[in-house]
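Working notes for the structure below.
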Amino acid sequence: MKYVPTHLVSISEGSLRVDANISVNRHGEGLGTRTEVKNLNSVRALVNAIEFEVRRQIQVIEAGGVIVNETRSYDSQMKETLPMRDKEVKQDYRFMPEPNLPPLRLVDIPDEEADSALVNIAQVRQRLPELPEMKRQRLVQKFNLNIGMAILIMNTPGFLTYFESVMELLPLPSGVRVAKVLHKVAIPALSEQDIDLDSCPIPHHVFAELYKLVESDTLNLVKAHEVFILLLNGDSRNPAQIVTDKVWMKVNDDEAISTICLQILSENSAVRAKYKTTKHEKHVNKLMGAVRKATAGKYDMRKVDICLRKFLQE
């Protein structure tokens, strides 16, 4: 509904409400009598209403009672459902014809003109925009993304449009890494300022330049995030100039990495001893954090991880 677009689909603003139909039955028996809980306006209310109603129905049945086919409401303060009306008796909703809403007559005739008094579903279908499932499949096939990343792109405001605009400036095989950099670098920085990618002030070509620094192994993701924040705050320099001026180039030298790892292990001998005893990952993470802090996040953390683990095994 959101992509067509025919609805805002905003549960939090009350523009979308859902009903839940719930029934329980003993193992081996047929379906039980259902109740309907109306006008639930959040996922939490939906879950709580279902859980309460399941417990209530089980208690009624186990006490020898009978479940009544009825409509119920959910009280979010009391966290319980309450009866509204009994469905055993036919409800008189007093439906009245509306003269301004004539009967809707549908046909499905591809490639043909239908009577103007009829709605041709085939023609409506052709006018529909690309729907979410089609978009997800296109992202997977075109950019070789996994389905999880495709869903993330679809569900994050502005991600799809920004991602595709950046990809127009880069080769297709870059898709997987570009999506990761956007997810790890851009979105957290934007979230800190309550901005989504729809409103991102950084032009697509500037982000593409930043990505190239990451891809060429000149810059790691930690410093890429800091460059992005500077750009977000109005820094007029291009990404490469910022990296040069700040001396933020990634350190990949094996000897330098070994030196800093040995230094951190020496300064954190208690953590090293705990890891040797417990093998808990939290101790490795603490050492990684110490390296990151000592090196201002400039070292290649993938190599740091490998190096630390090698020394920890000795």
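The values are calculated or read from the model by the stated rules, or taken from the named source; none is laboratory data. Bear in mind the structure is a predicted one, so any value in this text is a computation, not a measurement. Ideal geometry is used to build each Cβ from the backbone, glycine not excepted, and the neighbour counts take in all protein chains shown. When the accessible area is computed, the model is the full protein with side chains, heavy atoms only, and any ligands, DNA or RNA have been set aside. Shrake-Rupley method; radii C 1.70, N 1.55, O 1.52, S 1.80 Å.
Of the set (1) free of Cβ contacts under 8 Å to residues at least 40 places away in the same chain; (2) touching a Pro at 6+ places or on another chain (Cβ under 9 Å); (3) closer than 25 Å to VAL304 by Cα; (4) not hydrophobic (A, V, I, L, M, F, W, C), all apply to THR218 but (2).
With respect to the stated conditions, ASP300 is open to solvent by less than 90 Å² (accessible area, probe 1.4 Å), among the acidic types (Asp, Glu), at pLDDT below 90 and under 33 Å from the mean Cα position of the chain (by Cα). One residue stands out among those in the range 152-190 that are under 18 Å from ARG138 (Cβ atoms) and outside any helix (DSSP H, G or I): the one that is nearest to the chain's Cα centre (by Cα), which is THR156.
Here is the figure for the range 94-129: residues that are part of a loop (DSSP other than H, G, I, E, B), closer than 21 Å to PRO5 by Cα and either without any contact (Cβ under 8 Å) to a residue 60 or more places away in the chain or hydrophobic (A, V, I, L, M, F, W, C) (or both) total 2.
The residues in the range 228-273 that are assigned to a helix (DSSP H, G or I), open to solvent by less than 40 Å² (accessible area, probe 1.4 Å) and of a type in the set (Lys, Arg) can be counted, and the count is 0. One residue alone among VAL18, VAL60, VAL47, VAL66 is at pLDDT below 90 and not aromatic (Phe, Trp, Tyr), and that residue is VAL18.
Looking only at the range 51-84, residues that are surrounded by 13 or more Cβ atoms within 10 Å (Cβ to Cβ) and either part of a helix (DSSP H, G or I) or over 38 Å from the mean Cα position of the chain (by Cα) (or both) come to 10 in all. Close Cβ contacts (under 6 Å, 6 or more residues apart or on different chains) running from residues in the range 27-56 that are free of Cβ contacts under 8 Å to residues at least 60 places away in the same chain to residues that are open to solvent by 40 Å² or more (accessible area, probe 1.4 Å) and assigned to a helix (DSSP H, G or I) comprise LEU40/LEU46.
Condition check ((1) over 23 Å from LYS303 (Cβ atoms); (2) touching a Lys or Arg at 6+ places or on another chain (Cβ under 6 Å); (3) charged (D, E, K, R)) across all residues:
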{"position": "LYS246", "(1), (2), (3)": "no, no, yes"}
{"position": "ILE257", "(1), (2), (3)": "no, yes, no"}
{"position": "LEU265", "(1), (2), (3)": "no, yes, no"}
{"position": "ASN268", "(1), (2), (3)": "no, no, no"}
{"position": "ARG272", "(1), (2), (3)": "no, no, yes"}
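Of note, HIS205 does not satisfy the criterion of being within 22 Å of MET149 (Cβ to Cβ), outside any loop (DSSP other than H, G, I, E, B) and either in contact with a helix residue (DSSP H, G or I) (Cβ under 8 Å, 6 or more places away or on another chain) or open to solvent by 40 Å² or more (accessible area, probe 1.4 Å) (or both).
Tell me yes or no: at least one residue of the range 276-292 is under 30 Å from ALA208 (Cα atoms), touching a residue at least 60 places away in the same chain (Cβ under 8 Å) and open to solvent by 40 Å² or more (accessible area, probe 1.4 Å). So far as the range 276-292 goes, yes, one or more of its residues are under 30 Å from ALA208 (Cα atoms), touching a residue at least 60 places away in the same chain (Cβ under 8 Å) and open to solvent by 40 Å² or more (accessible area, probe 1.4 Å). Looking across the range 119-134, the residues that are surrounded by 12 or more Cβ atoms within 10 Å (Cβ to Cβ) and out of contact with any Leu (no Cβ under 7 Å at 6 or more places or on another chain) come down to ASN120, ALA122, GLN123, PRO132, MET134. A count restricted to the range 135-162 and to residues that are open to solvent by 40 Å² or more (accessible area, probe 1.4 Å) and either within 26 Å of ILE229 (Cβ to Cβ) or of a type in the set (Lys, Arg) (or both) stands at 7.
Considering only the range 163-202, state which residues are touching a His at 6+ places or on another chain (Cβ under 7 Å) and surrounded by 19 or more Cβ atoms within 10 Å (Cβ to Cβ). If the condition is that a residue be touching a His at 6+ places or on another chain (Cβ under 7 Å) and surrounded by 19 or more Cβ atoms within 10 Å (Cβ to Cβ), then VAL166, VAL185, ALA189 are the ones that fit.
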